[in-house]
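Structure first, then comments.
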Amino acid sequence: MSLFGTMKTAVSGMNAQANRLATVGDNISNSSTTGYKSASTSFSSLVLPSTTGTYNSGGVESNTSYSVSEQGALEYTTSDTDLAVQGNGFFIVQDSAGNTYLTRNGSFTSDESGNLVNDAGYTLMGYSYDSGTPTTVVNSYDGLVPVNVSGSTLSAVASTSGSLSGNLNSAATDAAVPASANDETVDVDQSSVVKTSLTTYDSLGNTVVYDLYFSKTADGNWDVDVYNAADASTTTGGSFPYSSSAVASSSLSFDSSGKLASIDGDADTTSISVDGISIDLSSMTQLSASSNISSGTVNGSAPSSISSVSIDSDGTVNAVYADGSTKALYQIPLATVASPDNLTVLSGNVYQTSSTSGVVTMGFAGSSGFGSIVSGALETSNVDLASELTDMIEAQRSYSANSKVFQTGSDLMDTLINLVR
C-alpha cells in the first residue's frame, strides 16, 4: 500500500463530497425557482489492480444528474399567462439570438412588443392561426413564431353561422301574398307571414341586417325568404318592395308532430345559407300556438380591441375582445424527448437535447404522450428541502472523515521522514 495512494484516495473522496455539497447548494438556492429540477450526485468506485499481500487503494468518482422528469407541484396564480405543464412535455422558447430551447418555466408575461416572455428572458413559441388551424411539424421547430398578445390592434370577426328558434302557428291561413313576391301588399301579421331580423358582421366588421320572412304556403309547409334590410323601402310605410331580390329562399316542411322535417326536400338539412352564413333552423316548430320567433344568435363581431387573453388546456391562445367575443390566435405546442433526465441543462432553467436524451418530438397538449397546459398556474421546484438538509449533513460528515484519512496519511509520511534524522 502506498501512503501517497491513500492520500490520493482521500482527496478523491473529498472532491466527491464537495461535488455533492455543490448540488445541495444549487438545490437549496433554487428551491423557489419556477420549474427547477433538482440535481443529485451519485458515486461509483474506482478500483486499482492489487497483488497478493498488497492492496492499492483506488478512489471514488462522482456523477451529477437532474430529475427533469419528476413533476413539481402546481402553484396557482392570478395571471392567465402563467402556464404550467401537468404531465409530459416542455414549452419551446427562444432567446434574443434566436436559439431554441426547452423549459418548464411558464412564468410568461407580455413584454413591450406584446410577446410572452418568461422571467428568465426567453420568448414563448407557438403556431399562428393566421394560415388556418395549426398542425405540428413533428420532428423540428419549423413554423414556430413568438406568441404575441398585443392589445393595440383592432380585429373584426366575420359571421359564419347562426340559429333561430321559435314557433310557426299551424292554424295560420295560407299567405295571400308570400314574401317571395316582394309586393307592397305583403301583410306581416304574425300569422300567415312572420318576420324577424338577424344582425351579422362582414369581414370588415360592418353590420349587415337581414330580414327573414316565413310565409305559410300549405298545411305543414312554409317558405322562408331573406332580404338585406338595407334594401328595404323607405317610402311605402313598410319594408316592401325591397330594391333587390331575396338573398336566400327555401321551403320548410314540418312533420305531424310539428318538428322540422326537411328543407327544400332534403331531410338531412336543417340550415339555410344566407350570403355564406349558415343559419340553423332545427329548433323551429309548427304547433297550434301563436307564431313567435323566440331567439336568434349569430357569431362574429364588430371591430374591437383585445382586452385580455385566455389559454385553453390544449394550448390554444384566445384573444378576448372588449365586446366579449373571442378569437384563436396561436396554439402552443409541447416537446418531449425519449430520456428527459439526460437533457443538457443550461442557465436560465432551459434544456437542450444531447446524444443520450433522444431527439425532440412535437405535439399538442392533451394528445397521446403529452400532458395538459394549466393556465394561471406555475410548476414549482421539485426540491425537497428536508432531504437536501439531510444530504448536506451527510456530505459534511463524509468530507470530514476523508480529511481525517488524508491527515493520517500525512502524519505517517512525517514519521517516515523523521526516520532518517
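The values are calculated or read from the model by the stated rules, or taken from the named source; none is laboratory data. Everything quoted here is computed from the prediction, not taken from an experiment. Glycine also receives a Cβ, built like all others from the backbone with ideal geometry; neighbour counts cover every protein chain displayed.
Of the strands (runs of 3 or more DSSP E) contained entirely in the range 1-107, those carrying at least 3 residues that are surrounded by fewer than 17 Cβ atoms within 10 Å (Cβ to Cβ) fall at 39-46, 59-66, 74-76.
Every residue, every condition in (1) surrounded by 13 or more Cβ atoms within 10 Å (Cβ to Cβ); (2) under 21 Å from the mean Cα position of the chain (by Cα), yes or no:
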position	(1), (2)
Ser283	yes, no
Val298	yes, no
Ser307	no, yes
Tyr321	yes, yes
Ile332	yes, yes
Val337	yes, yes
Ser354	yes, no
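Comparison of Thr344, Thr390, Thr380 shows that the only residue that is out of contact with any strand residue (DSSP E or B) (no Cβ under 7 Å at 6 or more places or on another chain) and among the hydroxyl-bearing types (Ser, Thr, Tyr) is Thr390. Quick check on the range 236-245. Is at least one of its residues touching a helix residue (DSSP H, G or I) at 6+ places or on another chain (Cβ under 8 Å) and in a strand (DSSP E or B)? Checked the range 236-245: no residue is touching a helix residue (DSSP H, G or I) at 6+ places or on another chain (Cβ under 8 Å) and in a strand (DSSP E or B).
For residues that are farther than 28 Å from Ala156 by Cβ and either surrounded by 15 or more Cβ atoms within 10 Å (Cβ to Cβ) or modelled with pLDDT of 95 or more (or both), tally how many sit in the range 188-212.
Of all residues in the range 188-212, those farther than 28 Å from Ala156 by Cβ come to 188-194.
Narrowing further to those that are either surrounded by 15 or more Cβ atoms within 10 Å (Cβ to Cβ) or modelled with pLDDT of 95 or more (or both): 188, 191-194.
Of the residues in the range 188-212, 5 are farther than 28 Å from Ala156 by Cβ and either surrounded by 15 or more Cβ atoms within 10 Å (Cβ to Cβ) or modelled with pLDDT of 95 or more (or both).
Residues in the range 40-63 that are in contact (Cβ under 8 Å) with a residue 40 or more places away in the chain and within 27 Å of Leu343 (Cβ to Cβ) were compared, and the one that is nearest to the chain's Cα centre (by Cα) is Ser62. Applying the condition of being surrounded by fewer than 15 Cβ atoms within 10 Å (Cβ to Cβ) and at pLDDT 90 or above to the range 167-182 and asking which residue is nearest to Ile293 (Cα to Cα) yields Ala171.
Being out of contact with any helix residue (DSSP H, G or I) (no Cβ under 8 Å at 6 or more places or on another chain), part of a loop (DSSP other than H, G, I, E, B) and under 16 Å from Met125 (Cβ atoms) holds for only one residue in Gly363, Gly348, and it is Gly348. Candidates are the residues of the range 223-235 that are hydroxyl-bearing (Ser, Thr, Tyr) and in a loop (DSSP other than H, G, I, E, B); the one that is nearest to Thr270 (Cα to Cα) is Ser233. If you go through the range 283-335 and keep only what is of a type outside the set (A, V, I, L, M, F, W, C), farther than 30 Å from Thr135 by Cα and part of a loop (DSSP other than H, G, I, E, B), you end up with Ser288, Ser290, Ser291.
Residues that are touching a Pro at 6+ places or on another chain (Cβ under 6 Å) and closer than 17 Å to Ser310 by Cα were ranked within the range 108-147; the one that is surrounded by the most Cβ atoms within 10 Å (Cβ to Cβ) is Tyr127.
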